[in-house]
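Structure record follows, encoded as structure tokens.
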Amino acid sequence: METQGTNLFIVDDNKLLATDLKYFLQNKFGVSVNISTFEDGESCLKKIDKETNIVILDYFLNGQDGLEVLKAIKAINPKTEVIMLSSNESIVIAIETFRAGATDYVVKGQGSWKKITKRVEYIITTPIRLMVREFGVSTFVATFISTFITMALVVVGVLRYMNWI
């Protein structure tokens with residue numbers, strides 16, 4: 001998968017919820033985030049690769065355990081940030097998911113999409129925060145550099161696609 005921007009997967013057996021969440025996040029982040037939805041863990045795992053940045057994963061999937069899917073995602077790409085989404089408020093389950101490598105555990109309900117949006121935004125802006133902290137540049141300069149690099153990658157990608165380089 002050779003794409004620009006952040007690649008985000010939503011895995012939930014509730015197709016309506018997954019579609020609504022996809023549109024919600026697209027309205028928030030625009031084209032900077034490429035969003036794909038999956039109704040089961042198996043189809044998601046077939047698409048996970050080194051380019052997969054974020055997965056929003058339902059804990060209870062039809063016939064599958066979200067914890068096992070999480071472990072498989074981390075085995076394929078340990079750098080993928082996985083946000084577990086569940087209707088279960090059990091602290092034991094939340095701890096299990098964190099031990100397996102989840103970045104966050106969000107309980108479905110009022111305010112859950114806002115929490116997911118904040119976590120996705122945090123993950124996306126990590127490079128800017130690192131430039132500010134490590135190199136002492138202003139947020140404006142870090143954002144400019146990040147945007148410049150992204151645009152350069154897009155131009156190179158287009159030139160390669162057109163076989164001009």
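The values are calculated or read from the model by the stated rules, or taken from the named source; none is laboratory data. Everything quoted here is computed from the prediction, not taken from an experiment. No Cβ is skipped: glycine too gets one built from the backbone with ideal geometry, and neighbour counts run over all protein chains shown.
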Suppose we filter Phe9, Phe29 for residues that are farther than 19 Å from Ala102 by Cβ and buried (at least 17 other Cβ atoms within 10 Å of the Cβ); which single one remains? Phe29
Residues in segment 58-79: is at least one crowded, with 21+ Cβ neighbours inside 10 Å, charged (D, E, K, R) and either farther than 28 Å from Val158 by Cα or in contact (Cβ under 8 Å) with a residue 40 or more places away in the chain (or both)? yes
Just checking, which of Val156, Val141, Val132 is touching a helix residue (DSSP H, G or I) at 6+ places or on another chain (Cβ under 6 Å), of a type outside the set (Gly, Ala, Ser) and more than 25 Å from Asn27 (Cα to Cα)? Val132
Residues of segment 105-128 being hydrophobic (A, V, I, L, M, F, W, C) and modelled with pLDDT under 90, in sequence order, are Trp113, Val120, Ile123, Ile124, Ile128
Evaluate the following for Thr19: is it in contact with a strand residue (DSSP E or B) (Cβ under 8 Å, 6 or more places away or on another chain) and surrounded by fewer than 15 Cβ atoms within 10 Å (Cβ to Cβ)? yes
Could you list, in sequence order, the residues of segment 59-83 that are modelled with pLDDT of 95 or more and within 13 Å of Val107 (Cβ to Cβ)? Ile83
Test Glu89 against the stated conditions and say whether it is touching a helix residue (DSSP H, G or I) at 6+ places or on another chain (Cβ under 9 Å) and in the same structural domain as Leu17 (by TED's automatic domain parsing). no
Selection within segment 88-106 - surrounded by 12 or more Cβ atoms within 10 Å (Cβ to Cβ) and outside any helix (DSSP H, G or I): Asn88, Ser90, Ala100, Gly101, Ala102, Thr103, Asp104, Tyr105, Val106
Could you check segment 107-135 and list, in sequence order, the residues that are among the aromatic types (Phe, Trp, Tyr), within 18 Å of the chain's Cα centre (by Cα) and exposed (fewer than 14 other Cβ atoms within 10 Å of the Cβ)? Tyr122
Which of (1) in contact with a Phe, Trp or Tyr (Cβ under 7 Å, 6 or more places away or on another chain); (2) modelled with pLDDT under 95; (3) closer than 17 Å to Ile10 by Cα is the odd one out, the single condition Val55 does not satisfy? (2)
